[in-house]
1. If I filter the range 14-31 for residues that are in contact with a strand residue (DSSP E or B) (Cβ under 7 Å, 6 or more places away or on another chain), within 20 Å of T102 (Cα to Cα), crowded, with 20+ Cβ neighbours inside 10 Å and at pLDDT 95 or above, do I get at least one hit?
2. Looking at V145, V139, V150 in this structure, which one is out of contact with any His (no Cβ under 9 Å at 6 or more places or on another chain) and under 23 Å from D68 (Cβ atoms)?
3. Looking at the range 186-204, which of its residues are surrounded by fewer than 18 Cβ atoms within 10 Å (Cβ to Cβ), of a type in the set (S, T, Y) and at pLDDT 95 or above?
4. Could you go through the range 235-253 and let me know if any residue there is within 26 Å of the chain's Cα centre (by Cα), in a loop (DSSP other than H, G, I, E, B) and surrounded by fewer than 12 Cβ atoms within 10 Å (Cβ to Cβ).
5. Just the residues that are part of a strand (DSSP E or B) and of a type in the set (V, I, T), please, taken from the range 188-223.
6. Quick check, is N183 in a loop (DSSP other than H, G, I, E, B), under 21 Å from the mean Cα position of the chain (by Cα) and crowded, with 19+ Cβ neighbours inside 10 Å?
7. Being of a type in the set (A, V, I, L, M) and touching an Asp or Glu at 6+ places or on another chain (Cβ under 9 Å) is the filter; apply it to the range 15-46 and report the residue that is farthest from E77 (Cα to Cα).
8. Are any residues in the range 152-176 on the phi > 0 side of the Ramachandran plot and within 13 Å of the chain's Cα centre (by Cα), and if so, which ones?
Amino acid sequence: MISELAYIGKGAKLGKNVTVEPFAYIADDVVIGDDCYIYAHATILDGTRMGNRNKIHQGAVLGTEPQDLKYKGDKTELIIGDDNDIRENVVIARATNAGHATTIGSNCHLMDGVHICHGAVLKDYVMVGLKTIIGGNTVIESYNVLSNAVILYENVHIGNWTLILSGTRLRKDVPPYIMVKGNPATYHGVNTVILQKNTFQPMNDTTLRHVMNAYLILYHSNISPQDAAIRIKSEIESCPEVENIIQFITNSKLIV
């Protein structure tokens, strides 16, 4: 159902079974996939490309121009996958430079008041809590939880399966499988409960022990991250999770 009281640009492309409630605004250069639900007073602006079965709630603004002084009016995009729940008053900006996009994967849940800045990349199954701000050109890997009122500064990279606790301020990269908290953010242990109980790929006890030992080396040996990566590789039995940690540490310039 598409309300006669909604504005839909002539060039907008809407898929099958899309619902648009009264007073929603959809600009010309917008693509919306099948079975999406656009609630009243949602705004979807030029450059937005959306997959299937997304819910866009009241007051959300998608595809706004980036709040970046380097932005010169380039034609950029916001690309959204499938099965996302984007709640009230969420704001997501497009990328700054031509040929680039802000990207939201699939099965993400963005709670009220979340602000996602230019060029950020959220992969799949990311949950973002109330009033959290995600800075420009950040990368958040899959299966992450960012709690309420978190602030991520520009260019931060967060590994998969992390938990960022409420009120945290992040200026550094966060390796996979851990919890961080505070301002400045600090390591608060391995994210054991989620790693063992998740329904996607639960971690067995042996692998979890390897991960915990890797982080004992990184955070309790009083050595540089680069030296920690070398020790982890030589002292801990190899498995995909340990290799993921080593690769993340090696590729990061500055980690929590």
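1. There is at least one residue in the range 14-31 that is in contact with a strand residue (DSSP E or B) (Cβ under 7 Å, 6 or more places away or on another chain), within 20 Å of T102 (Cα to Cα), crowded, with 20+ Cβ neighbours inside 10 Å and at pLDDT 95 or above.
2. Values: V145 fails: under 23 Å from D68 (Cβ atoms); V139 fails: out of contact with any His (no Cβ under 9 Å at 6 or more places or on another chain).
Testing whether each residue is out of contact with any His (no Cβ under 9 Å at 6 or more places or on another chain) and under 23 Å from D68 (Cβ atoms) leaves just V150.
3. Residues of the range 186-204 that are surrounded by fewer than 18 Cβ atoms within 10 Å (Cβ to Cβ), as a first pass: 186, 188-189, 192-193, 196-202, 204.
Retained after the next criterion (residues that are of a type in the set (S, T, Y)): 186, 192, 199.
If the condition is that a residue be surrounded by fewer than 18 Cβ atoms within 10 Å (Cβ to Cβ), of a type in the set (S, T, Y) and at pLDDT 95 or above, then T186 is the only one that fits.
4. Checked the range 235-253: at least one residue is within 26 Å of the chain's Cα centre (by Cα), in a loop (DSSP other than H, G, I, E, B) and surrounded by fewer than 12 Cβ atoms within 10 Å (Cβ to Cβ).
5. Applying the first criterion (part of a strand (DSSP E or B)) to the range 188-223 yields 188-190.
V190 - this is the single residue of the range 188-223 that is part of a strand (DSSP E or B) and of a type in the set (V, I, T).
6. Numbers: in a loop (DSSP other than H, G, I, E, B): yes; under 21 Å from the mean Cα position of the chain (by Cα): yes; crowded, with 19+ Cβ neighbours inside 10 Å: no.
When the stated conditions are applied, N183 does not pass them.
7. Across the range 15-46, the extreme among qualifying residues is A40.
8. We begin by selecting, within the range 152-176, every residue on the phi > 0 side of the Ramachandran plot; these are 155, 161, 167.
Residues satisfying the conditions are N155, W161.
The values are calculated or read from the model by the stated rules, or taken from the named source; none is laboratory data. The shown structure was predicted, so the numbers you read here are calculated from the model rather than taken from an experiment. Note: ideal-geometry Cβ built from the backbone for every residue, glycine included; neighbour counts use all protein chains shown.
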